[in-house]
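The block underneath contains the structure these notes are about, expressed in structure tokens.
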Amino acid sequence: MQWETVIGLEIHTQLATRSKIFSGSSTAFGAEPNTQASLIDLGMPGVLPVLNKEAVRMAVRFGKAIGAQVAERSVFARKNYFYPDLPKGYQISQYELPVVGSGVVEIVLEDGSTRPVGVTRAHLEEDAGKSLHEDFHGMTGIDLNRAGTPLLEIVSEPDMRSAKEAVAYAKKIHQIVTYIGICDGNMQEGSFRMDANVSIRPKGQAEFGTRAELKNINSFRFLEKAINFEVARQIEVIEDGGKVVQETRLYDANKDETRSMRSKEEANDYRYFPDPDLLPLEIDAAFIAEVVEGMPELPDARRERFESEYGLSAYDADVLTGSRIQADYFEAAARTGGDAKLTANWVMGDLAAALNKEGVDIADCPVAAADLGLLVARIRDNTISGKIAKDVFAAMWAGEGSADQVIEAKGLKQITDTGAIEALVDEVLAANSAQVENYRSADPDKQPKMLGFFVGQIMKRSQGKANPQQVNELLRRKLGG
Amino acid sequence: MSLSADDVAKIAHLARLAVEPRESEALGRELSSILDLVAQMDAVDTADVPPMAHPLEMAQRLRADVVTEEDRRERYQAHAPAVENGLFLVPKVLE
């Protein structure tokens, strides 16, 4: 039997507000336990939640970024369940009337083809606290610093057909939310968490199979592995004559498997109802217009602009716009560098290699964008050759100063004086008269290859500083004569 | 509308209320009468009435994204039955 995989994702993005969604507590990560938990976050009686305007603005920004309808009126609802890290006994979320309606994002697959994936909705809600299950004399520790942190839950259509497509979609959402600055995207700190609904069906069947929900995956690699494991598990269950049960499963990265969470039959009985503590959220056209006004350029638009404005290939433009910070770095470097293609090669080549090797994020790059641009400018104006530039770059990386400082300090300035180069050429030709004879008597087809020997000798003698174009030109003239 | 003993048990469980079996029948009757009251609404034509999310005809006010709360952990945790290293301690929860 040929099986088809069907995947939908629910992505929880923590919004990058300073304060919580319904209280004035800080959302800063990593504080001492419970030092950022106010009476509202603790779920004390008699307190009232008041909605954070910035969280609403961020939700609207996401909606406009994916071409979705922003609801003029949306409603907060209580999602009721008991868990110690949810002190109120309910999570404030949105149910029937979410703030963001349906939209669509384009994902790029490995073969370069694109495919639309529908976003069903996105709604605002509050995060829960954290349970620490280490042993506190047989008890569980609760830290409510995270309780009330604003989340935008982004729900996709079941449009993905493989783990790779799901990863491409998740990366696209990650790219969008970080580009528009509504989420820091930090997956280690839990700012971007994914749930995957996975089912299989015989190829050609319209009806969906029973799905399992894989909860709380916080890396793209685990997302792919978890889905692949789950698909294989479901196929095995069905082919052995069994049935897939609708349940929540956890992915265990250490064992590379998914396993059933203790399933409770009332698990999905959340008894949502409108939260009487909160009035309906109304968003008017002026508010939306203000958000659209401040919207940064989106990744797809930026990629297209990089192609048209800088004449970059689709591949280069795609790589450079992969993250906003990388795209910003490239543009700043290209401004001083004056040659977009050459700058792009440096950003994706030597710079990327150095960042990779040292395990440094581009945000913490020791070579500032304008400094890399200056290095490119020095290649362009023939102060140094591309080869010497690699040494200059290494010195810049090591903190030895700007391109100009390094060139000056190490005496790397290119020799462009024709007289000086001619002298070098003459020296080399005189010292290698046998090779000169060989060259002159050789087949003209073979000569260009033989020229390399002389170029190498001259460059060596000049310590790499002779201008290669001039060397080639002079050599050809002198050897021809 | 008449709730069965099972319905009552389920509702009680969802609300984490310990309902004795002997209370179940009376509670079922009372809950049913509340539901009957609400069910009278079914007789009214509400096709043109938008669902009400809140009795007040007002919109939610928004607050500026400013941190206004300070750390009062010590005071808040003075009420907690068990605390350690700044954490609230609760009976063991198993996943």
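The numbers here are math on the coordinates, done by the rules we state, and not lab data. All values derive from a computational prediction rather than experimental measurement. Glycine gets a Cβ as well: all are built from the backbone with ideal geometry, and neighbour counts include every protein chain shown.
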Non-local amide H neighbours of A:ARG146 (under 5 Å, H modeled in plane, Pro and chain starts lacking H): which ones?
A:LYS130
Per residue, how big is the convex hull around the C-alpha atoms of the range A:3-289? Give it to me in cubic angstrom, could you?
151 Å³
Please turn the phi angles of the range A:431-438 into ³J(HN,Hα) values with the Karplus equation 6.51 cos²θ - 1.76 cosθ + 1.60 (θ = phi - 60°), one per residue in order, whole Hz, x for glycine and proline.
6, 10, 5, 4, 5, 5, 4, 4
Provide Rg over Rh for the range A:418-480; use the alpha carbon set for both Rg and the Kirkwood Rh (inverse mean inverse pair distance).
0.94
Tell me, what is the FRET efficiency for A:LYS171 and A:ASP240 to the nearest 0.05, using R0 = 35 angstrom and their Cβ-Cβ distance as r?
0.55
When you count, for each residue, the other Cβ atoms within 10 Å and take the mean per peptide, how do A:11-23, A:373-385, A:355-367, B:44-56 rank with the highest first?
A:11-23, A:373-385, A:355-367, B:44-56
Other-chain or far-sequence residues with amide H under 5 Å of A:LEU51's (modelled H):
B:ARG63
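For chain A, what does -39500 (n - 2.57) per DSSP helix run (n ≥ 4), summed and divided by total residues, give at 222 nm, in deg cm²/dmol to the nearest 500?
-12000 deg cm²/dmol
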Which loop chymotrypsin sites (Phe, Trp or Tyr not before Pro) in the range A:27-115, with loop taken from DSSP, have no more than 13 other Cβ atoms within 10 angstrom of their Cβ?
A:PHE82
What list of whole percents do you get for P(r) of the protein assembly as shown, with Cα-Cα distances grouped in 10 Å bins up to the one holding the largest distance?
3, 13, 18, 21, 17, 10, 7, 6, 3, 1, 1, 0
How far is the Cα center of the range B:29-95 from the Cα center of the range A:79-100, in Å?
8 Å
For the range A:154-260, how big is the tail of P(r) above 22 Å, as a whole percent of Cα pairs?
33 percent
Using θ = phi - 60° and Karplus 6.51 cos²θ - 1.76 cosθ + 1.60, couplings along the range B:85-91 (whole Hz; Gly, Pro as x)
6, x, 9, 7, 9, 10, x
HN-Hα J couplings of the range A:469-479 from phi, Karplus 6.51/-1.76/1.60, θ = phi - 60°, integer Hz, Gly and Pro as x?
4, 5, 4, 4, 4, 5, 4, 4, 5, 6, 6
Return the long-range amide H neighbours of A:TYR90 (sequence gap of 5 or more, or a different chain), with a cut-off of under 5 Å between placed amide H atoms.
A:TYR81
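In the P(r) worked out for the range A:297-398, what percent of Cα pairs fall beyond 19 Å?
I get 37 percent for the Cα pairs in the range A:297-398 exceeding 19 Å.
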The base-10 log of I(q)/I(0) that the Debye equation returns for chain B at q = 0.11, 0.13, 0.20, 0.25 Å⁻¹, one scatterer per C-alpha, is -0.80, -0.93, -0.99, -1.24
What are the lysines whose alpha-carbon lies under 25 Å from the alpha-carbon of A:LYS460, with same-chain residues fewer than 8 places away excluded?
A:LYS387, A:LYS390, A:LYS410, A:LYS413, A:LYS446, A:LYS449, A:LYS478
Scaled by the rule-of-thumb 2.2 N^0.38 Å, the alpha carbon Rg for the range A:1-95 gives a ratio of 1.36
